[in-house]
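Only one structure is covered here, and it is reproduced in the block below.
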Amino acid sequence: MSYLLIDNSNTRTKFVLHVPGREIELRVMPTADISVPSVQKVLEGWSFESVCLCSVVPWAVTPLREACGGAEVQMLDSSVSDAVDFSGYAGLATLGADRVANVLAAVRRAELPLVAVDAGTATTFDVVVSKQGKPRFAGGVIAPGINAMAGCLHYHTAQLPIVRDWQSVPVIGGDTAAAMGSALRIGYPAMVDAILDSIELELGQSIHVVMTGGDAAALLPLLRRPCQEVPLLTLEGIALAAGICL
């Protein structure tokens, strides 16, 4: 059976076609551009029988469903797999589907306890521990993504720019944009390290960290802690929810 896997996040939406015996195919579009015709154009030439949709953008679900034609669409949530126990999490009704997917994939990638970090529009930290010999979702941390933080000052002030180049600026910025970029380059990785250190301290155990997301590659060299980068972690989790492996 051929599967379409959809990772519908706030900034980008990824589509993967999985056909047994063939390499996966990946296509990407801006989430803001989603409509039935635009998605149908992205999917042009693909044939699939089943769809697993992981969405954190409610308005996009209907056009994504309609663009899939008559294919069966499974919505990913915490009930789709028993590989991880989510039952002890009080906020289950508001748990993002992407966080569920990241956790499902991360437990196949690292020893417990682990933290799955997704550095995207928001940066999420999802903690999985061992409870009676089974992976159990313990909760997590949600922070603004680095680009959201970069845009915050621009949108709330009259003159400060949006900072896009923050990776190579000096500590003491020679102009306004460099001064803002310095805070991002120094402060954001320090925040990530501090959150991971605090999780480890609260658990009382060493943690393993799996990182994904659009900003993961830029952040990893700036972190004190070694992390395993898995660019398609969310899609791996979506595949597992559909009963297949990428």
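The values are calculated or read from the model by the stated rules, or taken from the named source; none is laboratory data. Values in this document were obtained by computation on a predicted structure and should not be read as measured data. Glycine also receives a Cβ, built like all others from the backbone with ideal geometry; neighbour counts cover every protein chain displayed. The area values use the complete protein model at the heavy-atom level, side chains included, leaving out ligands, DNA and RNA. Shrake-Rupley method; radii C 1.70, N 1.55, O 1.52, S 1.80 Å.
Can you tell me what share of the DSSP beta bridges in region 108-209 is antiparallel? A percent to the nearest 5 is fine.
Here the antiparallel bridges make up roughly 90 percent for region 108-209.
For a label point 7 Å from the Cα of Gln205 along Cα→C-beta, name the residues of region 126-156 whose backbone N is under 15 Å from it.
127-139
With labels modelled as points extended 7 Å from the Cα through the Cβ direction, what inter-label distance (nm, one decimal) is found for Leu160 paired with Leu92?
4.1
Please state the shape class of region 48-109: rounded when a/c is under 1.5, otherwise prolate if a/b exceeds b/c and oblate if not, all from the C-alpha gyration tensor.
The shape class here is prolate.
Could you tell me, in Å, what Rg and Dmax come out for the Cα atoms of region 1-131?
15.4, 46
Which order do the peptides 233-244, 178-189 come out in when sorted by mean C-beta neighbours inside 10 angstrom, highest first?
Ranking, from highest mean packing down: 233-244, 178-189.
Amide H neighbours of Lys131 under 5 Å, counting only residues 5+ apart in sequence or on other chains, H built in-plane at 1.01 Å?
Result for Lys131 returns Arg136.
Between Asp85 and Gln132, what is the label-to-label distance in nm when each label sits 7 Å out along the Cα-to-Cβ direction?
0.5
Which whole-number percentage describes the relative contact order of region 3-82, with Cα contacts under 8 Å and a sequence gap of 6 or more?
That works out to 31 percent.
Taking every eigenvalue of the Cα gyration tensor of region 135-246, multiplying by 5 and rooting it, what semi-axes result, largest first, whole Å?
They are 31, 18, 13 Å, listed largest first.
Considering only Glu200, Glu44, Glu229, give the residue with the highest GNM mean-square fluctuation for the chain, with springs between Cα atoms whenever their separation is below 10 Å.
Comparing Glu200, Glu44, Glu229 in the GNM, the peak value goes to Glu44.
Semi-axes of region 72-169's equivalent ellipsoid from the Cα gyration tensor, sqrt of 5 times each eigenvalue, largest first, rounded to whole Å?
33, 15, 12
Per the helix-only calculation at 222 nm, which mean residue ellipticity applies to the chain, given -39500 (n - 2.57) for every DSSP H run of n ≥ 4 and division by its residues, nearest 500 deg cm²/dmol?
After summing the helix terms and dividing by residue count, I get -10000 deg cm²/dmol.
What is the Å³ per residue value for the convex hull set by the Cα atoms of region 189-246?
Cα convex hull per residue, to the nearest whole number: 97 Å³.
Assuming R0 = 22 Å, can you tell me the calculated FRET efficiency for the pair Ser168 and Ala217, based on Cβ-Cβ distance, to the nearest 0.05?
0.95
Using a 1.4 angstrom probe on the protein heavy atoms only, line up Lys14, Lys131, Lys41 by accessible area, largest first.
Lys41, Lys131, Lys14
DSSP beta bridges in region 1-146, what fraction antiparallel, as a percent rounded to 5?
70
Taking only Cα atoms and a 10 Å spring cutoff, compute GNM fluctuations for the chain and point out the largest among Leu203, Leu114, Leu104.
Comparing Leu203, Leu114, Leu104 in a Gaussian network model of the chain, the most mobile one is Leu203.
Counting only C-alpha contacts under 8 Å and six or more residues apart, can you give the relative contact order of the chain as a whole percent?
Computed value for the chain: 18 percent relative contact order.
Output the antiparallel fraction of DSSP beta bridges having both residues in the chain, as a percent to the nearest 5.
Percentage antiparallel, nearest 5: 60.
Contour minus end-to-end for Arg224 and Arg22, with contour as 0.36 nm per residue of separation and end-to-end as the Cα-Cα distance?
In short, 68.9 nm is gained.
Do any chymotrypsin sites (Phe, Trp or Tyr not before Pro) in region 1-60 lie in a DSSP loop with no more than 15 other beta carbon atoms within 10 Å, and if so, which?
Trp46
Consider all pairwise Cα distances in the chain and report the whole-number % of them above 26 Å.
Counting every Cα pair in the chain, those more than 26 Å apart make up 44 percent.
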